[in-house]
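The values are calculated or read from the model by the stated rules, or taken from the named source; none is laboratory data. All of these numbers come straight from a predicted model, not from anything done at the bench. No Cβ is skipped: glycine too gets one built from the backbone with ideal geometry, and neighbour counts run over all protein chains shown. Surface areas here come from the heavy atoms of the whole protein model, side chains and all, with no ligands, DNA or RNA. Shrake-Rupley method; radii C 1.70, N 1.55, O 1.52, S 1.80 Å.
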Amino acid sequence: MDARLKVYEEKMNKTLANLASEFGTIRAGRANPHVLDRITVDYYGTATPLNQVANITVPEARMIQIQPWEASLVKEICKAIQMSDLGINPSTDGKVIRLIFPELTEERRKQLSKDVKKKGDEAKVAVRNIRRDGNDAFKKLEKTEDVSEDVVKELQDDLQKLTDKFVKQIDKDVEEKTKEIMKV
């Protein structure tokens, strides 16, 4: 692969990785500790990710258990979870926090599927924007660096193939996540 294409492939890989992390935060009926990835807790005046101040486990399919390393953090963690967009009320015994995930309703599953599709479409747009940037850069090469029209055409064709590969992967990821959400 041409070194000039590597840059754009890396950007597309980052887009795919970002999509995967966004999908990780969408809960699909089962308890997934990644839904807590975006939650931060005030830890001695610093916003700290939850997984850096507590042990997070999944003892059952629909329950996440959070055990803070310091008992004083229990209230802070509960508050952070309630203020997040999780839509789950934490229950605590003063030492351990439990999040019980209810079964998703059919309506909620359909809504989550739409969200997944929307995030997939956004990722495809990002990949296509990367392709456009690459094509623009290759056209400039022709003008500035004595690169032949054929070489530029070949680079653009390779970039298109790369774009198609990533769009296909995004479609596959969206389909898998949708299946996971719709599975009762």
Which count do you get for residues in the range 40-79 that are assigned to a strand (DSSP E or B) and either under 17 Å from T25 (Cβ atoms) or hydrophobic (A, V, I, L, M, F, W, C) (or both)?
10
Do we have any residue at all in the range 80-102 that's farther than 30 Å from D164 by Cβ, assigned to a helix (DSSP H, G or I) and acidic (D, E)?
no
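I'd like the residue in the range 65-82 that is open to solvent by 40 Å² or more (accessible area, probe 1.4 Å) and closer than 12 Å to Q52 by Cα and, out of all such residues, is farthest from the chain's Cα centre (by Cα).
Applying the filter and picking the extreme gives E70.
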Name the residues in the range 124-147 that are open to solvent by 80 Å² or more (accessible area, probe 1.4 Å) and touching a helix residue (DSSP H, G or I) at 6+ places or on another chain (Cβ under 8 Å), would you?
R128, K139
Residue ID - farthest from E103 (Cα to Cα), chosen from residues in the range 155-183 that are touching a residue at least 60 places away in the same chain (Cβ under 8 Å) and open to solvent by 20 Å² or more (accessible area, probe 1.4 Å)
D158
